[in-house]
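Here is the structure we will look at.
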């Protein structure tokens with residue numbers, strides 16, 4: 001693959017998610033963080049397109065729900081809603097979603113621009129994926145809408161959308177306090193660089209991460225076909241849009257306690273040295289940015305190094321070492 005193709009692929013990597021019955025996507029370069037919905041401040045009368053305020057990395061940011069812009073009914077929120085923290089060239093804000101689905105490299109040939117789009121249209125193009133339509137969000141249009149002073153949206157009791165039971169409020173308040181305690185997130189000036197971003201996940205009760213530049217897709221559940229006669233750490237193969245990919249049971253491969261396989265089968269699909277692998281994990285956590293310094297000692301084994309981010313100890317995997325291991329059996333189907 002040429003350098004231009006690699007750059008173009010990274011440029012078109014999108015995080016896609018669900019809101020209501022529809023699926024939407026945002027370029028991953030604009031994503032700072034994914035988190036469960038915290039408690040938001042609603043100190044005074046705000047425009048109806050703003051559902052609350054959140055203190056994030058020493059900024060007070062607006063949180064929006066794009067359903068207001070699309071004239072779609074907004075159902076009550078719960079502790080299961082997820083919040084995307086996104087960044088344009090000028091501002092940071094949050095977008096409430098129902099569920100984050102994964103990360104995909106978008107093929108530009110399958111993207112259709114909407115011909116009548118203007119700078120206030122939240123949807124500017126469409127993407128065809130597995131016979132579904134994913135609506136690509138123009139976050140710069142949201143930026144423009146946040147700056148305007150008129151308030152064309154219908155009156156809604158925003159506070160009534162949030163959970164009122166004590167258990168839910170306690171959970172969301174704890175999330176807000178955890179965000180306030182953050183001190184190590186450093187935002188890059190200008191456009192974010194993919195080399196500073198990581199996908200984090202769990203193996204047993206420990207936290208691991210992989211640099212995003214190795215990650216091709218993240219899927220929360222997938223169908224895996226067992227292949228007889230393969231090593232124990234080969235979980236099987238998966239069919240990804242006609243491409244058969246070897247699924248590596250990461251816990252067994254690394255010699256960790258395997259335990260019972262999860263009901264859902266989340267995988268992180270990586271590509272290194274032209275080899276594509278699906279890593280079976282326990283739970284996908286979040287996408288985050290962390291600026292490594294030059295003093296980190298890089299390990300030569302499967303584990304590159306360890307670092308603490310937001311109070312959690314992460315072990316960074318050495319993707320080069322894993323993908324070049326001769327024990328991995330790859331069968332061309």
Checking residue 229 against (1) in a loop (DSSP other than H, G, I, E, B); (2) in contact with a strand residue (DSSP E or B) (Cβ under 9 Å, 6 or more places away or on another chain), only one condition comes out false. Which one? (2)
Please identify the pairs in which a residue from the stretch 135-161 that is farther than 25 Å from residue 113 by Cα has its Cβ atom under 7 Å from the Cβ atom of a residue that is modelled with pLDDT of 90 or more and surrounded by fewer than 15 Cβ atoms within 10 Å (Cβ to Cβ), counting only partners at least 6 apart or on another chain. 161/76
Qualifying positions in the stretch 289-307 - in contact with a helix residue (DSSP H, G or I) (Cβ under 7 Å, 6 or more places away or on another chain) and at pLDDT 80 or above: 301, 302
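Only residues that are under 23 Å from residue 204 (Cα atoms), assigned to a strand (DSSP E or B) and in contact with a helix residue (DSSP H, G or I) (Cβ under 9 Å, 6 or more places away or on another chain): list them for the stretch 241-288, please.
Quick first cut of the stretch 241-288, residues under 23 Å from residue 204 (Cα atoms) only: 246-270, 277-288.
With assigned to a strand (DSSP E or B) added as a condition, the list becomes 246-249, 267-270, 277-280, 283-288.
If the condition is that a residue be under 23 Å from residue 204 (Cα atoms), assigned to a strand (DSSP E or B) and in contact with a helix residue (DSSP H, G or I) (Cβ under 9 Å, 6 or more places away or on another chain), then 248, 268, 270, 277, 279, 280, 287 are the ones that fit.
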Name the residue that is surrounded by the fewest Cβ atoms within 10 Å (Cβ to Cβ), counting only residues in the stretch 1-26 that are modelled with pLDDT under 90 and assigned to a strand (DSSP E or B). 13
Condition check for residue 106: modelled with pLDDT under 85, in contact with a strand residue (DSSP E or B) (Cβ under 7 Å, 6 or more places away or on another chain) and either assigned by TED's automatic domain parsing to the domain that holds residue 270 or under 29 Å from residue 21 (Cα atoms) (or both): yes
With the condition kept exactly as written, say whether any residue in the stretch 209-223 is assigned to a loop (DSSP other than H, G, I, E, B) and without any contact (Cβ under 8 Å) to a residue 40 or more places away in the chain. no
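The values are calculated or read from the model by the stated rules, or taken from the named source; none is laboratory data. Predicted model, so just to flag it, every value in this text is computed and none were measured. Cβ coordinates were reconstructed from backbone atoms using ideal geometry, including for glycine residues, and neighbour counts include every protein chain displayed.
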